[in-house]
Amino acid sequence: MVDVQQAVEAELTRIGPVIDPLGELFAAAGHELALVGGPVRDGMLGRHSNDLDFTTSARPEQTERILRAWGDAWWDMGRDFGTIGCRKGDWVVEVTTYRSEAYDPASRKPEVQYGDTLAGDLGRRDFTVNAMAVRLPGQQVEDPYGGVVDLANKVLRTPGRPEDSFSDDPLRMMRAARFAAQLGFTVDQPVVDAMRDMAERVTIVSAERVRDELVKLVCAPYPRLGLTLLVDTGLADHVLPELPRLKLERDEHHRHKDVYEHSLTVLEQAIDLEDRLGGQPDFISRFAALMHDVGKPKTRRFLDDGTVTFHHHDVVGAKITRKRMQALRFSGDEIDAVCHLVELHLRFHGYGSGEWTDSAVRRYVRDAGDQLARLHVLTRADCTTRNQRKADRLRRTYDDLEARIARLSEEEELASLRPALDGNQIMEILGIPPGRDVGEAYKFLLELRLDNGPMATDDAKAALLAWWAAREQS
């Protein structure tokens, strides 16, 4: 408890030059203001951010007048929910009117009603660790639901009955999983029980809100905690059903863990390799690791000798992943990137002990495209064998492949694989107009480039003319 108190004192000292003057402006206008939610929680955990959330008795139009005069820039995109935002130097501030919100059983959108007291506003929040506030000015801490104790004990509880909280906003069930993944906290058993009993109610929430929570969960420090909670409570059956479907599937190597556990392990190992991608949480890489084997249930076949096969689970898995990501309203670029990685995740296993020709290596790079760095991460993470000798051999083999890619890249500029002749040159040499023939000629030259490496312009021209002549004869 002493550590929490010291942390919040240090954080209030850091942000005091911003929050105190703003509190005085609201007080002078006859309104209450309090720092609330995540900034208070994170400050007690010793985490620092320049994004500050406040709640106030002022109505949005009154908040707007104050922030316009105080900030450097302002916005009102959250006005329908009572929120006005502004920027002051390096600080981003959002101020929301005291409120209570609840879902109509048949609606995807919450109904917003303004409240009159800080206590009432805190009582409607999702978890006790988010139901703490600091009144301004004066920096008086308000903790009516024991959030400080729960923070110290690393447990997630709701301010009131979890059934009431989840009925008001079913997305809070996903937020429980997300906060478990972000903070490494356990979830109070009554909360878990309510999540299990009310899991189906999450279907009333819009796909976009579910998607945003899932992204935050996957990009959190401990995603296994959140994903396991989603599966165990049945929430995953409604938001990511492909994950629990993996639970009963044995992997092709007959490990003592199922494909579900294997997939979570691959996700964790991909996270350990994120320094290759810049060191920040990378959703594309992480989600591809989680989904890479979702095609196995549909492709599982038992052979007469007792072995199990999953032929083409990479292609099937990419299609399943695309369908799920589309349902969750991901962007086209995100969908393409994840599905591309899922489809390619087995490609390395044809490398053997390095038998690939340079042509095959070039095609590996060409097919990976701008996802090559992520494919390296996924392929390495996909090795979960407990056989240390085998793991070392796979690592050395992939080291060799990466070294060959680096060598060819240096020699041949693999990052920009293009034939020696462009479309205009092809049309000039062959005397043809734009059309399908130009595309086929370009494809021929690109295949030649992949097979033989860089070619001189004259050699490429001769090869093109020979190909064209043979094509005309046939």
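Looking only at residues of the range 448-471 that are within 19 Å of ALA360 (Cα to Cα) and open to solvent by less than 60 Å² (accessible area, probe 1.4 Å), we find that the one that is nearest to the chain's Cα centre (by Cα) is LEU450.
Exactly one residue out of THR384, THR397 is within 17 Å of ALA289 (Cα to Cα) and either within 27 Å of the chain's Cα centre (by Cα) or surrounded by 13 or more Cβ atoms within 10 Å (Cβ to Cβ) (or both), and it is THR384. Where the second residue is part of a loop (DSSP other than H, G, I, E, B) and open to solvent by 20 Å² or more (accessible area, probe 1.4 Å) and the first is farther than 14 Å from LEU230 by Cα and among the hydrophobic types (A, V, I, L, M, F, W, C) and lies in the range 196-208, which pairs have Cβ atoms under 7 Å and are six or more apart or on separate chains? Note: pairs meeting the criteria are ILE204/ARG108; VAL205/ARG108; ALA207/ARG329. On the basis of being modelled with pLDDT of 85 or more, part of a helix (DSSP H, G or I) and open to solvent by 80 Å² or more (accessible area, probe 1.4 Å), does GLU428 make the cut? Yes, satisfied. Check the range 209-216 and report whether any residue there is at pLDDT 95 or above and closer than 21 Å to VAL316 by Cα. Looking for residues that are at pLDDT 95 or above and closer than 21 Å to VAL316 by Cα, one finds none in the range 209-216, hence no.
Condition test on PRO281, is it touching a Cys at 6+ places or on another chain (Cβ under 7 Å) and either open to solvent by 40 Å² or more (accessible area, probe 1.4 Å) or at pLDDT below 95 (or both)? It is true that PRO281 is touching a Cys at 6+ places or on another chain (Cβ under 7 Å) and either open to solvent by 40 Å² or more (accessible area, probe 1.4 Å) or at pLDDT below 95 (or both).
Across the range 293-350, what is the total count of residues that are free of Cβ contacts under 8 Å to residues at least 40 places away in the same chain and at positive phi? Here the count works out to 2. Restricting attention to the range 187-222 and to residues that are of a type in the set (S, T, N, Q) and in a helix (DSSP H, G or I), the residue that is most open to solvent (accessible area, probe 1.4 Å) turns out to be GLN189. Does MET174 meet the test of being open to solvent by less than 10 Å² (accessible area, probe 1.4 Å), in a helix (DSSP H, G or I) and modelled with pLDDT of 95 or more? Yes: the conditions hold for MET174.
Is it the case that some residue within the range 248-259 is under 16 Å from the mean Cα position of the chain (by Cα) and of a type outside the set (Val, Ile, Thr)? Looking for residues that are under 16 Å from the mean Cα position of the chain (by Cα) and of a type outside the set (Val, Ile, Thr), one finds none in the range 248-259, hence no.
Within the range 227-250, track down each residue that is open to solvent by less than 70 Å² (accessible area, probe 1.4 Å) and at pLDDT below 95. If the condition is that a residue be open to solvent by less than 70 Å² (accessible area, probe 1.4 Å) and at pLDDT below 95, then LEU246, GLU249 are the ones that fit.
Considering only residues in the range 66-103 that are of a type in the set (Asp, Glu) and open to solvent by 40 Å² or more (accessible area, probe 1.4 Å), the one that is farthest from VAL202 (Cα to Cα) turns out to be ASP72.
Listed by first and then second residue, the pairs linking a residue in the range 69-98 that is farther than 16 Å from GLY38 by Cβ and assigned to a loop (DSSP other than H, G, I, E, B) to a residue that is open to solvent by less than 40 Å² (accessible area, probe 1.4 Å) and hydrophobic (A, V, I, L, M, F, W, C), with Cβ atoms under 6 Å apart and 6 or more places separating them unless they lie on different chains, are GLY71/CYS86; ASP76/ILE84.
The values are calculated or read from the model by the stated rules, or taken from the named source; none is laboratory data. Please read these numbers as outputs of a predicted model, since none were measured by experiment. In this analysis, Cβ positions are derived from the backbone assuming ideal geometry, glycine residues included, and neighbour counts consider all displayed protein chains. SASA here: full protein model, heavy atoms, side chains in, ligands and nucleic acids out. Shrake-Rupley method; radii C 1.70, N 1.55, O 1.52, S 1.80 Å.
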